[in-house]
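Worksheet: the structure to be examined is printed underneath.
The values are calculated or read from the model by the stated rules, or taken from the named source; none is laboratory data. This is a predicted model, so every value here is computed, not measured. We place every Cβ from the backbone using ideal geometry, glycine too, and count neighbours over all the protein chains shown. Protein only, heavy atoms only, side chains kept; ligands, DNA and RNA dropped before computing areas. Shrake-Rupley method; radii C 1.70, N 1.55, O 1.52, S 1.80 Å.
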Amino acid sequence: MMKCIAIIIGWLADKIWGDPAWLPHPVVYFGKAIAWGEHWLNKGHHRRLKGGILAVSLILLTFLITWALLRWLRPVTVCGIPINIVIEAILIFFCLAGTTLIKEVKAVFKALDRSIEDGRKQVARIVGRDTSALDAQEIRKAALETLAENLSDGVIAPLFWLLLLGVPGMMTYKMVNTLDSMIGYRTERYRLFGTVAARIDDVANWLPARITALLMAIAGIFIHPKDKNHRSLPQMLKFIFHYGPQHASPNSGWPEAALAGILNCRFGGPHIYFGELIDKPYIGDHDRELTSVDATMACNINKGVEVMMLVITLLGVYLL
């Protein structure tokens, strides 16, 4: 029951504060450690091996340090409250990114209403691609693609690993995800060095990505207006299973396909990452103009999926 309370407090803290800029965040330090290792190791021969050693070392260290800290604090109480439960709530708060992501996507659409340059600057905060030449439609697509993909990375996967391996597992997942977001690209610089990090991230996200797509399909039944474009759950699942595997990533395409099916739109296509053109397949078959109504719909889907996964996690932790 105490662990369930920690989960609820951590989740509520994310709803209230998101990721405040003034608060030191563990992912920032994850990023510094990765950047330091990449600077010293991503050169010369055996880059794949050196990148793999860096990734595995940081992942194991994250799990062991978190586990040891919580175990060491287990006997400590203040006013009858176990300190390790308080620390767990704080770490859960750090690992969840649902509120910040929704705020950022809404900010992209508001910035685009002001000017295309403001839209490009705002969307650059949440995507890895080059945004300098994106048109208005491409900016909206980039924001909604990121919203769908990061629903899995920022909410569902952390809760999944929390359920499986506790808070140490949740923190370890954030390290895995940070490694992939920094060195897991197929560009000339990272193609060898980030191979192991990218494959570990693929494994860590395989089931959460599919859970995300399923929960999105279920949420769409209740949130999507019943119009001629509305898909039933069997139709949604058929759509997801058709387009989900077509993405270059084994996982990203599943939540993107779910959102494309709900909004009846098309994602994907060629994008520029770090100066290189990456040709991504299209997800969906209806290339229509996206609007602020679509952003509101997508954000509501995210909120509904997040609540469903929270309930599943609480039930799992309480029963197991």
Heavy-atom accessible area per residue of the chain, all protein chains kept, 1.4 Å probe, expressed in Å², is 48
Given 20 °C, 1.002 mPa s and a Kirkwood radius over Cα pairs, the Stokes-Einstein diffusion coefficient of the range 154-215 in µm²/s is 179
Under a Gaussian network model of the chain whose springs join Cα atoms within less than 10 Å, the largest fluctuation of 280, 32, 15 belongs to 32
For the chain, the charge dipole (Cβ of Lys, Arg +1; Cβ of Asp, Glu -1; about the Cα centre) points to a positive end, and the Cα of 209, 257, 132 closest to that extreme belongs to 209
Highest GNM mean-square fluctuation among 35, 13, 97, for the chain with Cα springs under 10 Å, belongs to 35
Note: probe point = Cα of residue 81 + 7 Å toward Cβ; backbone nitrogen < 20 Å; residues of the range 161-205 passing the test are 167
Taking Cα pairs closer than 8 Å and at least 6 residues apart, the relative contact order of the chain in percent is 20
Expressed to one decimal in nm², the mean projection of the alpha carbon convex hull of the chain is 17.1
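Taking R0 as 45 Å, what's the FRET efficiency between residue 4 and residue 53 from their Cβ-Cβ distance, rounded to 0.05?
0.75
Could you give the size of the charge dipole of the range 26-100 about its Cα centre, using +1 on the Cβ of each K and R and -1 on the Cβ of each D and E, expressed in debye and rounded to the nearest 20? Don't skip to the answer; put the middle values down first.
Details: 7 positive and 2 negative charges, 72 e Å.
The dipole magnitude comes to about 340 debye.
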Among the DSSP H helices of the chain, those whose Cα atoms extend at least 24 Å along the helix axis and whose mean Kyte-Doolittle hydropathy is -1.0 or higher are 47-73, 98-114, 157-183, 195-223, 292-319
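Nothing charged except the Cβ atoms of Lys and Arg (+1) and of Asp and Glu (-1): what's the magnitude of the dipole of the chain about its Cα centre? Round to the nearest 20 debye. Could the numbers behind the result be given before it?
Working: 33 positive and 27 negative charges, 105 e Å.
My answer is approximately 500 debye.
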Cα-based Rg/(2.2 N^0.38 Å) for the range 190-271, rounded to two decimals, is 1.22
Per the rule of 0.36 nm per residue minus the C-alpha distance, extending residue 60 to residue 206 adds in nm 50.6 nm
For the chain, the percent of accessible surface on carbon and sulfur atoms (probe 1.4 angstrom, ligands and nucleic acids excluded) is 67
The range 4-114: Kirkwood hydrodynamic radius (Cα pairs, Å) comes out at 16.8
Subtracting the Cα-Cα distance of residue 311 and residue 115 from 0.36 nm times their residue separation yields 66.5 nm
Of the candidates 268, 58, 307, the farthest towards the positive dipole end of the chain (Lys/Arg Cβ +1, Asp/Glu Cβ -1, centred on the Cα centre) is 58
Largest-first ranking of 308, 236 by accessible area, probe 1.4 Å, whole protein assembly kept, is 308, 236
Listed residues 12, 192, 101; largest mean-square fluctuation, Gaussian network over the chain with Cα springs below 10 Å, found at 12
Taking 0.36 nm per residue of separation between residue 233 and residue 71 and subtracting their Cα-Cα distance, the length gained on full extension comes to 53.9 nm
